[in-house]
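Inspection log for the structure reproduced underneath, given as structure tokens.
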Amino acid sequence: MIVLEKNAQKILTDSGGVQKEAYFYQVPCITLREETEWVETVTDGWNCIVGADYQKILTAIEDFSPDTPQQGHYGDGNASEKLSQLIDSYD
């Protein structure tokens, strides 16, 4: 599943977990629900909510594309390296 998500052009899902994974992999996400628990992915412009509306889904598939870089709401992916350096500094 991760390989598919990383290599997707866009992801359509109703899964909250997949929405967040799409954000991690910098893949635009189209959410097939009326709301999301990951509102920062929407405000950041990398997730759009279309619900079950057929026309909104088609429009999003054709037109939705993030136009701004991600804001890094979930960190930069280097936490383990930073923690390791911090622990090493106590020697």
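The values are calculated or read from the model by the stated rules, or taken from the named source; none is laboratory data. Remember, predicted model here, so these are calculated numbers, not experimental data. Using ideal geometry, Cβ is built from the backbone for each residue, glycine included, and neighbour counts are taken over all protein chains shown. The accessibility values were calculated without ligands, DNA or RNA, using every heavy atom of the protein model including side chains. Shrake-Rupley method; radii C 1.70, N 1.55, O 1.52, S 1.80 Å.
Brief remarks on what is shown
- Failed condition for P66, given (1) touching a Gly at 6+ places or on another chain (Cβ under 8 Å); (2) open to solvent by 70 Å² or more (accessible area, probe 1.4 Å): (2)
- The set of residues from the stretch 2-41 being among the aliphatic types (A, V, I, L, M) and out of contact with any helix residue (DSSP H, G or I) (no Cβ under 9 Å at 6 or more places or on another chain) comprises V3, L4, V39.
- Qualifying residue in the stretch 9-27 (condition: among the hydroxyl-bearing types (S, T, Y) and either at positive phi or in a helix (DSSP H, G or I) (or both)): yes
- Matching helices (runs of 4 or more DSSP H) fully within the stretch 38-91 where at least 1 residues are more than 17 Å from Q19 (Cα to Cα) and hydroxyl-bearing (S, T, Y): 54-63, 79-88
- Candidates are the residues of the stretch 58-76 that are free of Cβ contacts under 8 Å to residues at least 12 places away in the same chain and of a type outside the set (D, E); the one that is farthest from I30 (Cα to Cα) is G75.
- Some residue of the stretch 11-27 being of a type in the set (A, V, I, L, M, F, W, C) and without any contact (Cβ under 8 Å) to a residue 12 or more places away in the chain: no
- In the stretch 26-70, the residues that are farther than 22 Å from N7 by Cα and either under 14 Å from the mean Cα position of the chain (by Cα) or among the charged types (D, E, K, R) (or both): R33, E34, E35, T36, E37, V39, E40, T43, D53, K56
- The stretch 11-32 - residue that is open to solvent by 60 Å² or more (accessible area, probe 1.4 Å) and not aliphatic (A, V, I, L, M) and, of those, farthest from G75 (Cα to Cα): D14
- Top-ranked residue of the stretch 39-63 - restricted to ones that are under 16 Å from Q9 (Cα atoms) and of a type in the set (A, V, I, L, M, F, W, C), ranked as least open to solvent (accessible area, probe 1.4 Å): A60
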